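Below you'll find the structure I mean.
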Amino acid sequence: MGSIVLFGPPGAGKGTQAHRIMEQTGLPQVSTGDMLRAAVKEGTPIGLDAKSYMDRGALVPDEVILGLIRERIQQPDAAEGVMFDGFPRTIPQAEALSELTEITHVLAIEVPDERIVDRICGRSSCGACGAVYHDTFNPVPTTGCACGQFVEKRRVDDNAETVQNRLAAYHEQTTPLAKWYESRGLFHRVDGDRDIDEISSDLLKLLE
Ligand code: AMP
(Lines give C-alpha, C1' and ligand atoms only; values in the text may rest on other atoms or scores of the structure.)
Protein backbone atom coordinates (compact mmCIF):
# COMPACT_ATOMS: atom_id res chain seq x y z
CA MET A 1 0.00 0.00 0.00
CA GLY A 2 1.18 3.53 -0.75
CA SER A 3 0.46 6.78 1.01
CA ILE A 4 -2.62 8.99 1.10
CA VAL A 5 -2.87 12.77 1.09
CA LEU A 6 -5.71 14.53 2.90
CA PHE A 7 -6.25 17.81 1.10
CA GLY A 8 -8.41 20.81 1.91
CA PRO A 9 -8.54 24.29 3.43
CA PRO A 10 -7.76 24.99 7.09
CA GLY A 11 -10.72 23.86 9.18
CA ALA A 12 -12.00 21.41 6.56
CA GLY A 13 -11.84 18.57 9.08
CA LYS A 14 -8.64 16.91 7.84
CA GLY A 15 -7.43 16.16 11.36
CA THR A 16 -10.80 14.76 12.44
CA GLN A 17 -11.00 12.51 9.41
CA ALA A 18 -7.33 11.51 9.64
CA HIS A 19 -7.99 10.28 13.13
CA ARG A 20 -10.90 8.15 11.94
CA ILE A 21 -9.09 6.78 8.88
CA MET A 22 -6.15 5.92 11.11
CA GLU A 23 -8.44 3.87 13.36
CA GLN A 24 -9.90 2.02 10.37
CA THR A 25 -6.81 1.47 8.24
CA GLY A 26 -3.91 1.64 10.70
CA LEU A 27 -2.14 4.16 8.45
CA PRO A 28 -0.24 6.60 10.68
CA GLN A 29 -1.20 10.27 10.39
CA VAL A 30 1.65 12.56 9.42
CA SER A 31 0.59 16.14 10.09
CA THR A 32 3.25 18.74 9.33
CA GLY A 33 1.23 21.23 11.40
CA ASP A 34 1.42 18.91 14.44
CA MET A 35 5.14 18.31 13.87
CA LEU A 36 5.79 22.05 13.67
CA ARG A 37 3.74 22.75 16.81
CA ALA A 38 5.75 20.09 18.65
CA ALA A 39 8.99 21.73 17.43
CA VAL A 40 7.75 25.16 18.60
CA LYS A 41 6.86 23.73 22.00
CA GLU A 42 10.25 22.07 22.38
CA GLY A 43 12.00 25.26 21.25
CA THR A 44 14.10 23.48 18.60
CA PRO A 45 15.83 25.61 15.90
CA ILE A 46 13.16 24.51 13.39
CA GLY A 47 10.43 25.49 15.83
CA LEU A 48 11.98 28.90 16.48
CA ASP A 49 12.23 29.53 12.74
CA ALA A 50 8.72 28.23 11.94
CA LYS A 51 6.87 30.08 14.70
CA SER A 52 6.82 33.51 13.02
CA TYR A 53 5.33 32.05 9.84
CA MET A 54 2.73 30.01 11.73
CA ASP A 55 1.66 32.86 14.02
CA ARG A 56 0.79 35.01 11.02
CA GLY A 57 -0.81 32.19 9.03
CA ALA A 58 1.88 32.06 6.32
CA LEU A 59 3.42 28.88 4.96
CA VAL A 60 6.72 27.70 6.43
CA PRO A 61 9.46 27.45 3.74
CA ASP A 62 9.43 24.25 1.68
CA GLU A 63 12.94 23.16 2.68
CA VAL A 64 12.04 23.18 6.38
CA ILE A 65 8.93 21.11 5.73
CA LEU A 66 10.72 18.67 3.45
CA GLY A 67 13.45 18.15 6.06
CA LEU A 68 10.78 17.12 8.59
CA ILE A 69 9.05 14.82 6.09
CA ARG A 70 12.24 13.10 4.93
CA GLU A 71 13.07 12.25 8.52
CA ARG A 72 9.52 11.19 9.44
CA ILE A 73 9.02 8.73 6.60
CA GLN A 74 12.22 6.91 7.53
CA GLN A 75 10.53 5.77 10.75
CA PRO A 76 9.56 2.07 10.88
CA ASP A 77 5.82 2.79 11.25
CA ALA A 78 5.86 4.58 7.88
CA ALA A 79 7.15 1.58 5.93
CA GLU A 80 3.69 0.59 4.62
CA GLY A 81 2.66 4.14 3.80
CA VAL A 82 1.23 7.05 5.76
CA MET A 83 -1.63 9.49 5.64
CA PHE A 84 -0.36 13.02 5.07
CA ASP A 85 -2.46 15.75 6.66
CA GLY A 86 -1.66 19.34 5.70
CA PHE A 87 1.15 18.25 3.41
CA PRO A 88 1.99 18.85 0.58
CA ARG A 89 0.88 22.49 0.42
CA THR A 90 2.91 23.75 -2.55
CA ILE A 91 3.89 22.35 -5.96
CA PRO A 92 7.58 22.02 -4.96
CA GLN A 93 6.49 20.00 -1.89
CA ALA A 94 4.36 17.69 -4.07
CA GLU A 95 7.21 17.26 -6.56
CA ALA A 96 9.64 16.36 -3.78
CA LEU A 97 7.10 14.00 -2.21
CA SER A 98 6.63 12.12 -5.49
CA GLU A 99 10.34 11.21 -5.32
CA LEU A 100 10.02 9.93 -1.76
CA THR A 101 6.93 7.71 -1.71
CA GLU A 102 4.07 6.54 -3.91
CA ILE A 103 0.82 8.45 -3.45
CA THR A 104 -2.27 6.36 -4.24
CA HIS A 105 -5.08 8.78 -3.29
CA VAL A 106 -5.46 12.49 -2.73
CA LEU A 107 -8.72 12.99 -0.83
CA ALA A 108 -9.97 16.57 -0.97
CA ILE A 109 -12.41 17.64 1.75
CA GLU A 110 -14.24 20.62 0.27
CA VAL A 111 -15.69 23.36 2.48
CA PRO A 112 -16.69 26.84 1.26
CA ASP A 113 -14.64 29.79 2.58
CA GLU A 114 -17.61 31.36 4.36
CA ARG A 115 -17.90 28.31 6.64
CA ILE A 116 -14.23 28.21 7.60
CA VAL A 117 -14.05 30.98 10.22
CA ASP A 118 -16.87 29.50 12.32
CA ARG A 119 -15.33 26.07 12.06
CA ILE A 120 -11.88 27.21 13.14
CA CYS A 121 -12.89 29.51 15.98
CA GLY A 122 -14.18 27.21 18.73
CA ARG A 123 -11.95 24.33 17.78
CA SER A 124 -10.09 22.30 20.40
CA SER A 125 -8.35 18.96 20.56
CA CYS A 126 -7.38 16.38 23.12
CA GLY A 127 -3.70 16.63 23.97
CA ALA A 128 -3.69 13.00 25.11
CA CYS A 129 -5.10 11.24 22.03
CA GLY A 130 -5.33 13.90 19.30
CA ALA A 131 -9.13 13.72 18.84
CA VAL A 132 -10.48 16.98 17.42
CA TYR A 133 -13.52 18.78 18.84
CA HIS A 134 -15.54 21.93 18.27
CA ASP A 135 -17.49 23.86 20.92
CA THR A 136 -20.62 23.92 18.71
CA PHE A 137 -20.28 21.36 15.93
CA ASN A 138 -18.56 18.47 17.69
CA PRO A 139 -18.44 19.07 21.45
CA VAL A 140 -16.40 16.95 23.85
CA PRO A 141 -18.88 14.34 25.16
CA THR A 142 -20.20 15.04 28.66
CA THR A 143 -18.51 11.78 29.65
CA GLY A 144 -15.19 13.19 28.38
CA CYS A 145 -12.95 12.17 25.51
CA ALA A 146 -13.15 8.51 24.42
CA CYS A 147 -9.48 8.09 25.44
CA GLY A 148 -10.47 8.70 29.06
CA GLN A 149 -7.89 11.38 29.76
CA PHE A 150 -9.01 14.58 28.03
CA VAL A 151 -6.38 17.30 28.04
CA GLU A 152 -7.80 20.37 26.26
CA LYS A 153 -5.58 22.04 23.66
CA ARG A 154 -6.38 25.17 21.65
CA ARG A 155 -4.22 26.49 18.82
CA VAL A 156 -2.89 30.05 18.99
CA ASP A 157 -3.45 30.45 15.23
CA ASP A 158 -7.14 29.49 15.44
CA ASN A 159 -8.36 33.09 15.51
CA ALA A 160 -10.35 35.18 13.03
CA GLU A 161 -7.44 37.36 11.79
CA THR A 162 -4.95 34.56 11.18
CA VAL A 163 -7.60 32.45 9.47
CA GLN A 164 -7.87 35.00 6.65
CA ASN A 165 -4.12 34.70 5.96
CA ARG A 166 -4.28 30.90 6.16
CA LEU A 167 -7.15 30.91 3.65
CA ALA A 168 -5.25 33.26 1.33
CA ALA A 169 -2.17 31.00 1.51
CA TYR A 170 -4.40 28.03 0.74
CA HIS A 171 -5.93 29.64 -2.35
CA GLU A 172 -2.69 31.08 -3.70
CA GLN A 173 -0.17 28.35 -2.93
CA THR A 174 -2.07 25.10 -2.25
CA THR A 175 -5.07 24.95 -4.61
CA PRO A 176 -2.80 24.67 -7.71
CA LEU A 177 -2.05 21.17 -6.38
CA ALA A 178 -5.61 20.07 -7.20
CA LYS A 179 -4.88 20.30 -10.95
CA TRP A 180 -1.45 18.77 -10.44
CA TYR A 181 -2.93 15.67 -8.78
CA GLU A 182 -6.00 15.65 -11.06
CA SER A 183 -3.76 15.38 -14.11
CA ARG A 184 -2.19 12.31 -12.47
CA GLY A 185 -5.62 10.73 -11.85
CA LEU A 186 -5.21 10.72 -8.07
CA PHE A 187 -7.61 13.45 -6.98
CA HIS A 188 -11.00 12.69 -5.34
CA ARG A 189 -13.38 15.28 -3.91
CA VAL A 190 -15.84 14.86 -1.06
CA ASP A 191 -18.30 17.43 0.28
CA GLY A 192 -16.89 18.37 3.69
CA ASP A 193 -19.83 20.52 4.75
CA ARG A 194 -21.86 17.60 6.11
CA ASP A 195 -22.16 15.28 9.03
CA ILE A 196 -18.73 13.99 10.14
CA ASP A 197 -19.81 10.33 9.84
CA GLU A 198 -21.05 10.78 6.26
CA ILE A 199 -17.72 12.31 5.26
CA SER A 200 -15.73 9.48 6.90
CA SER A 201 -17.88 6.90 5.20
CA ASP A 202 -17.30 8.50 1.76
CA LEU A 203 -13.55 8.76 2.39
CA LEU A 204 -13.28 5.14 3.46
CA LYS A 205 -15.25 4.04 0.37
CA LEU A 206 -12.76 5.86 -1.84
CA LEU A 207 -9.94 3.96 -0.15
CA GLU A 208 -11.52 0.51 -0.59
P1 AMP B 1 -2.01 23.12 10.02
O2 AMP B 1 -1.98 22.50 11.37
O3 AMP B 1 -1.90 22.10 8.92
O4 AMP B 1 -3.16 24.06 9.84
O5 AMP B 1 -0.69 24.01 9.93
C6 AMP B 1 -0.46 25.10 10.81
C7 AMP B 1 0.60 26.02 10.24
O8 AMP B 1 1.83 25.29 10.07
C9 AMP B 1 0.30 26.56 8.85
O10 AMP B 1 -0.48 27.74 8.90
C11 AMP B 1 1.70 26.82 8.31
O12 AMP B 1 2.26 27.98 8.88
C13 AMP B 1 2.49 25.65 8.87
N14 AMP B 1 2.47 24.45 7.97
C15 AMP B 1 1.92 23.23 8.23
N16 AMP B 1 2.12 22.38 7.21
C17 AMP B 1 2.78 23.08 6.26
C18 AMP B 1 3.27 22.77 4.97
N19 AMP B 1 3.08 21.55 4.42
N20 AMP B 1 3.91 23.74 4.28
C21 AMP B 1 4.12 24.96 4.81
N22 AMP B 1 3.68 25.34 6.01
C23 AMP B 1 3.02 24.41 6.75
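The values are calculated or read from the model by the stated rules, or taken from the named source; none is laboratory data. The shown structure was predicted, so the numbers you read here are calculated from the model rather than taken from an experiment. All Cβ positions, even for glycine, are placed from backbone atoms using ideal geometry, and neighbour counts span all protein chains on display. Accessible surface areas use protein heavy atoms only, side chains included; no ligands, DNA or RNA. Shrake-Rupley method; radii C 1.70, N 1.55, O 1.52, S 1.80 Å.
For the chain, give the share of DSSP beta bridges that are antiparallel, in percent and rounded to the nearest 5; count only bridges with both residues there.
Taking every DSSP beta bridge within the chain, about 25 percent pair in antiparallel fashion.
In what sequence, highest mean first, do 77-88, 179-190, 20-31 appear when ranked by Cβ atoms within 10 angstrom?
77-88, 20-31, 179-190
Further question on the same structure: Looking at region 95-203 only, what percent of DSSP beta bridges run antiparallel? Nearest 5 please.
55 percent
Say R0 is 45 Å: what FRET efficiency, to the nearest 0.05, do Asp193 and Val151 get from their beta-carbon distance?
The calculated FRET efficiency here is 0.95.
Nothing charged except the Cβ atoms of Lys and Arg (+1) and of Asp and Glu (-1): what's the magnitude of the dipole of region 59-180 about its Cα centre? Round to the nearest 20 debye.
Approximately 280 debye in magnitude.
What lysines sit close enough to Lys205 to cross-link, taking a C-alpha to C-alpha distance under 30 Å and skipping anything fewer than 8 places away on the same chain?
Cα-Cα hits under 30 Å: Lys14, Lys179.
Dipole magnitude of the chain about its Cα centre, charges +1 at Lys/Arg Cβ and -1 at Asp/Glu Cβ only, in debye to the nearest 20?
300 debye
Same structure, new question: For the residue pair Cys121 and Ser98, what label-to-label distance in nm results when each label sits 7 Å from Cα along the Cα-to-beta-carbon direction?
Here the modelled spin labels are 4.0 nm apart.
For the chain, go through all pairs of different Cα atoms, get the mean of 1/r, take its inverse, and jot down that Kirkwood value in Å.
Mean inverse Cα-Cα distance, inverted, gives 17.4 Å.
Using a simple spin-label model with points 7 Å from Cα along the Cα→Cβ vector, what separation in nm is obtained for Glu172 and Thr136?
2.9 nm
A follow-up question, please. Leaving out ligands and nucleic acids, and using a 1.4 Å probe, what accessible area per residue does region 49-208 come to in Å²?
Using a 1.4 Å probe on heavy atoms only, each residue of region 49-208 averages 53 Å².
Quick one: with all protein chains in place, what share of the accessible area of the chain is carbon or sulfur, to the nearest percent (1.4 Å probe)? List each step's numbers first, then the result.
On the way: 5260 of 10490 Å².
Here it works out to 50 percent.
Cut-off 10 angstrom, C-alpha nodes, Gaussian network model of the chain. Which of Arg89, Arg119, Arg154 fluctuates the most?
Residue with maximal mean-square fluctuation among Arg89, Arg119, Arg154: Arg154.
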